[in-house]
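Since the structure comes first, as structure tokens, the remarks are kept for the end.
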Amino acid sequence: MPPEIRLIGLPTDSHSSFLRGPAQGPAAIRAAMASDHGNMATEVGLEIGRDIELADLGDLPLDESPADFDRIRTAAQASRDATPIFLGGDHMVTYPILAGLAEIHGPLNILHFDAHPDLYEDFEGDPLSHASPFARIMERGLARRLVQVGIRTLNGHCRDQARRYGVEMVEMRNFSPNAVPIPDAPLYISIDMDALDPAFAPGVSHHEPGGLTVRDILSVLHRIGGPIVGADIVEYNPTRDINGMTAVVAAKFVKELSALATAGR
């Protein structure tokens, strides 16, 4: 029996700073996965339903209350015998996910794709802002190593924060797939959909030109040879999408991450 991959939706965007909408992301990504326009094959040759055991656990019952943090943390902690892939939701969710997974694995290593470093100490008075999850993760010691890829909005404050926490960045202006360091296990992958250039993923709240292509991200993922302990795909905003094209990209990432998790184990 192949290892189980668990798909868990996190329909929340209460910590977004600009636009609401990512709470609708999980349903739209699932619809793209189920569409007859494609199939369940992945680029490495494994197929969901044949080689990959993917169990969709549905959405967590989130209500934008402080209790959501523990709901997400508990769901991550309950994935001891499986590899969870979380569908956001805004990027705040990565903090409680890491809090839960660290209870199982200890401090993790993170490979993070994003236009933004999300290292603000306190963004607009919200320490749980979607612009702050990696500051919380690093200050709590939930990660040993953080590699960020595709960054192209680095201001002075976040540059100082990166130095403070020893963050490794491959800024977009210096990007090459082969130049991205691949951290050792236990490895967690976080994909913010605005890491992509808006030409490939218009369905995001923060359009930031000059970003990654879909192939860029896949080329990095295909270099990972070891196991992963979990992943998230966040910040997809269906209200900004065009013809569902960003949902299709997010669905492809679900399939390729599922194959990566299966092959790694």
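The values are calculated or read from the model by the stated rules, or taken from the named source; none is laboratory data. The structure presented is a predicted model; accordingly, all values stated were derived computationally and were not measured. In this analysis, Cβ positions are derived from the backbone assuming ideal geometry, glycine residues included, and neighbour counts consider all displayed protein chains.
For L19, the criteria (1) in contact with a helix residue (DSSP H, G or I) (Cβ under 6 Å, 6 or more places away or on another chain); (2) aliphatic (A, V, I, L, M); (3) assigned to a loop (DSSP other than H, G, I, E, B); (4) under 21 Å from V204 (Cβ atoms) hold in every case but one, which is (1). Residue check: is P117 buried (at least 19 other Cβ atoms within 10 Å of the Cβ) and either closer than 23 Å to V220 by Cβ or in contact (Cβ under 8 Å) with a residue 12 or more places away in the chain (or both)? Here the answer is yes, as P117 does meet what is asked.
Might you let me know whether region 97-105 holds any residue that is hydrophobic (A, V, I, L, M, F, W, C), buried (at least 20 other Cβ atoms within 10 Å of the Cβ), in contact with a Pro (Cβ under 7 Å, 6 or more places away or on another chain) and modelled with pLDDT of 95 or more? Reasoning before the result, please.
Initially, region 97-105 is screened for residues hydrophobic (A, V, I, L, M, F, W, C), giving 97-99, 101-102, 104.
Checking the rest, the ones that are also buried (at least 20 other Cβ atoms within 10 Å of the Cβ) come to 97-99, 101-102.
Within this subset, residues satisfying the condition of being in contact with a Pro (Cβ under 7 Å, 6 or more places away or on another chain) are none.
Checked against the condition, which is being hydrophobic (A, V, I, L, M, F, W, C), buried (at least 20 other Cβ atoms within 10 Å of the Cβ), in contact with a Pro (Cβ under 7 Å, 6 or more places away or on another chain) and modelled with pLDDT of 95 or more, region 97-105 yields no hits at all.
Listed here are the residues, each with its yes/no results for (1) assigned to a loop (DSSP other than H, G, I, E, B); (2) of a type in the set (F, W, Y); (3) touching a residue at least 60 places away in the same chain (Cβ under 8 Å).
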residue: I5; (1), (2), (3): no, no, yes
residue: Q24; (1), (2), (3): no, no, yes
residue: E43; (1), (2), (3): yes, no, yes
residue: L54; (1), (2), (3): no, no, yes
residue: P61; (1), (2), (3): yes, no, no
residue: S65; (1), (2), (3): yes, no, no
residue: F69; (1), (2), (3): no, yes, no
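Pick out the one residue from A27, A34 that is within 13 Å of A251 (Cα to Cα), of a type in the set (A, V, I, L, M) and exposed (fewer than 13 other Cβ atoms within 10 Å of the Cβ).
Numbers: A27 fails: exposed (fewer than 13 other Cβ atoms within 10 Å of the Cβ).
Selected residue: A34, the only one of A27, A34 that is within 13 Å of A251 (Cα to Cα), of a type in the set (A, V, I, L, M) and exposed (fewer than 13 other Cβ atoms within 10 Å of the Cβ).
Of the set (1) farther than 30 Å from E103 by Cα; (2) part of a loop (DSSP other than H, G, I, E, B), all apply to R215 but (2).
Could you say whether any residue in region 91-114 is more than 21 Å from P209 (Cβ to Cβ), touching a residue at least 40 places away in the same chain (Cβ under 8 Å) and touching a His at 6+ places or on another chain (Cβ under 6 Å)? Explain how you work it out, then say what you get.
First, the residues of region 91-114 that are more than 21 Å from P209 (Cβ to Cβ): 92-111.
Pick out the ones that are also touching a residue at least 40 places away in the same chain (Cβ under 8 Å) and you get 92-95, 97-99, 101-102, 104-106, 108-111.
Imposing the further condition that a residue be touching a His at 6+ places or on another chain (Cβ under 6 Å) reduces the set to 92.
There is at least one residue in region 91-114 that is more than 21 Å from P209 (Cβ to Cβ), touching a residue at least 40 places away in the same chain (Cβ under 8 Å) and touching a His at 6+ places or on another chain (Cβ under 6 Å).
Taking the criterion of being outside any helix (DSSP H, G or I), under 12 Å from the mean Cα position of the chain (by Cα) and over 18 Å from N109 (Cβ atoms), the residues of region 218-258 that qualify are I233, V234, E235, Y236.
Any residue that is buried (at least 21 other Cβ atoms within 10 Å of the Cβ) and modelled with pLDDT under 95 - is there at least one of those in region 198-205? Steps first, please.
Step one: list which residues in region 198-205 are buried (at least 21 other Cβ atoms within 10 Å of the Cβ), which gives 201, 203-205.
Add one more test, that the residue is modelled with pLDDT under 95, and what stays is 205.
The answer is yes, given that some residue of region 198-205 is buried (at least 21 other Cβ atoms within 10 Å of the Cβ) and modelled with pLDDT under 95.
Of the listed requirements (1) outside any loop (DSSP other than H, G, I, E, B); (2) within 23 Å of P11 (Cα to Cα); (3) touching a Phe, Trp or Tyr at 6+ places or on another chain (Cβ under 9 Å), N109 misses just one: (2). Consider region 120-151 and keep the residues that are buried (at least 19 other Cβ atoms within 10 Å of the Cβ), part of a loop (DSSP other than H, G, I, E, B) and at pLDDT 90 or above. The one that is farthest from the chain's Cα centre (by Cα) is Y120. On inspection, T12 qualifies as modelled with pLDDT of 95 or more, among the hydroxyl-bearing types (S, T, Y) and closer than 23 Å to V249 by Cβ. Scan (1) assigned to a loop (DSSP other than H, G, I, E, B); (2) more than 26 Å from Q77 (Cβ to Cβ); (3) over 16 Å from the mean Cα position of the chain (by Cα) for the single condition C158 breaks and write down its number. The failed condition is (1).
Give me the pairs, please: first residue somewhere in region 205-226 and hydroxyl-bearing (S, T, Y), second residue anywhere and exposed (fewer than 15 other Cβ atoms within 10 Å of the Cβ), beta-carbon distance under 8 Å, and either six or more positions apart or on two chains. Close Cβ pairs (under 8 Å, with a partner that is exposed (fewer than 15 other Cβ atoms within 10 Å of the Cβ)) amount to S205/F18; S205/L19.
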